[in-house]
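Reading through the structure tokens given below for one structure.
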Amino acid sequence: MKLLEYKSQELFYDYNIPSNKGLVIDSLEDLEDTLQDDEPVRGNDITAKIENYPVVVKAQVQTGGRGKAGGIQFAENAEEVKEISRNLLGSEIKGLEIKKLLVVDMIDVKKEWYLSVTLDRKSKTPLLIFSTEGGVDIEETAHQTPEKIAKIPINPMMGIKDYMIRYLVNYFNIDPKYLKPLYEIVKNLYTLFKEYDCLLTEINPLVIDGEGNLLAVDGKIDIDDNSLFRHDDILKFRDELTEDAKVIEAREYDFLYIPIRDEGNIGVISNGSGMIMSSIDLITKKGMEVSCALDLGGGATAERVKEAIKIVLENEDVELLLINIFGGITRCDEIARGLEMAADAVGDKKVIIRVEGTNKEAGLEIIHNMKDTVISVDSILEGVDALYEHFSG
């Protein structure tokens, strides 16, 4: 479960990770009670109060590109905070309603760093990632200038050790006075990562302000859904989280819809999380990007398959659809009929489909009678190759 920024900042505060002070606004009534002309913005939702203008008003939605969409604005006084809040609350960014705003101090930023703890599949350990190129897409930095990123595997039995931070300070030629505060932040971030069963804890940017202090200005926290039963304090916030509109729509059909990358152009439909993950891995390893994936679950009927295809293809970024099915209680002929029923939604888009298992032959007979844009393959590897040929050709 990905937390909204304000909740990430609250957890940073709980774990003694210094962050810029902020106020959460969720209604115009609360705003009027809180703000007064010519007075500082005050509140204790996160860290006490915001003492000085100007401030930054940030829409709390789970999507990228908030700034370009007008979801991050600057205010010089209380009146401007009121006006911005009136315009943003209840409006939408990429189909997501803005239900909360985070108002924070504007920081005098001298330097921006990147810091995260995530899970690394290769080393099968938590991974510390650090860069002095913060405030930007870390994947873009990794691609263009990989030498500007340091990655340190973390032994779960040992945790964060000071030699790791000494290495970072030496490698990036950081002023030694930041060794101790950086160590404390990294140690606390890892503790948060571990105690909340996180898949990712990220600070981007971690800034040096005008007074020389380290501050977590923005953060992301992604908690493993399978561990939520251990975190009642997080579960009670779940209904408050503004999710992708497609996630909500898919949930009505008991589907699991997973937004992957805004830059992706491939949709994936499968039955089972393992099938979905392996499909995405194979596509990514070929240098392609998945926009979204949908898990049908078990026993999908033709009608449900049709709705699943419509949900995925309503995403305008999806150019191609890969369907990867292993039929047990899910019948391959029902999958094929669902695809046939979704012909209007598919239009001229290419669909690559692999079915295996129950009623496979009946399903293939239906698929082979469809138009040329529907391509049947015998394996997922063949399907990924067909995707690659489409984009490279």
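Values in this text are rule-based calculations from the coordinates and carry no lab data. Worth saying up front: this structure is predicted, and the values here are computed from it rather than measured. Cβ sites come from the backbone with ideal geometry, for glycine too, and all protein chains shown count toward neighbours.
The angle separating the long axis of helix 380-392 from the principal Cα axis of greatest extent in the chain is about 70 degrees.
Name the residues of the stretch 163-192 whose amide N is less than 14 Å from a point 7 angstrom out from the Cα of Glu147 along the C-beta direction? From the stretch 163-192, the list is 171-173.
In this calculation the C-beta distance from Ile107 to Lys349 is compared with R0 = 56 Å, giving a FRET efficiency of 0.80. The charge dipole of the stretch 138-252, taken about the Cα centre with unit charges on the Cβ atoms of Lys, Arg (+1) and Asp, Glu (-1), comes to about 720 debye, rounded to the nearest 20. Full extension of the segment from Asp30 to Leu179, taken as 0.36 nm per residue of separation minus the current Cα-Cα distance, would add 49.5 nm. Please name whichever of Asn369, Val305, Gly267 sits farthest to the positive end of the charge dipole of the stretch 245-392, dipole taken about the Cα centre and charges placed at Cβ: Lys and Arg +1, Asp and Glu -1. The Cα lying farthest towards the positive end belongs to Val305. Here the dipole of the stretch 75-133 is about 560 debye; that uses its Cα centre as origin and unit charges on the Cβ of Lys and Arg (positive) and Asp and Glu (negative).
Would you mind working out the magnitude of the charge dipole of the chain relative to its Cα centre, with +1 at each Lys and Arg C-beta and -1 at each Asp and Glu C-beta, to the nearest 20 Debye?
So the dipole magnitude of the chain works out to roughly 1440 debye.
Computed over the chain, the per-residue total of -39500 (n - 2.57) for DSSP H runs of n ≥ 4 gives a 222 nm mean residue ellipticity of -10500 deg cm²/dmol, rounded to 500.
With all projection directions averaged, the alpha carbon convex hull of the stretch 88-244 covers 11.2 nm².
Using the Cβ-Cβ distance between Asp372 and Ser278 with R0 set to 25 Å, the FRET efficiency from 1/(1 + (r/R0)^6) comes to roughly 0.35. For the stretch 124-139 versus the stretch 244-262, the spacing of their alpha-carbon centroids is 27 Å. Pairs exceeding a 25 Å alpha-carbon distance, out of Lys99/Lys306; Lys68/Lys310; Lys122/Lys187; Lys180/Lys236: Lys99/Lys306; Lys68/Lys310; Lys180/Lys236. Round to the nearest 10 and give me the degree value, 0 to 90, for the angle of helix 5-14's Cα axis relative to the longest principal axis of the chain. The two axes meet at around 50 degrees.
Give me the angle, in degrees from 0 to 90, between the Cα long axis of helix 78-88 and the longest principal axis of the Cα atoms of the chain, rounded to the nearest 10. Taking the Cα atoms of the chain, the angle to 78-88 is about 0 degrees. With the simple model of a label 7 Å out from the Cα in the direction of the Cβ, Asp14 to Asn213 spans 2.2 nm.
Let me make sure I get this right: for the chain, a, b and c are the square roots of the gyration tensor eigenvalues over alpha carbons, sorted descending. Under 1.5 in a/c it's rounded, otherwise prolate if a/b > b/c, else oblate. Which is it?
Prolate is the answer for the chain, as a/c is 1.5 or above and a/b outweighs b/c.
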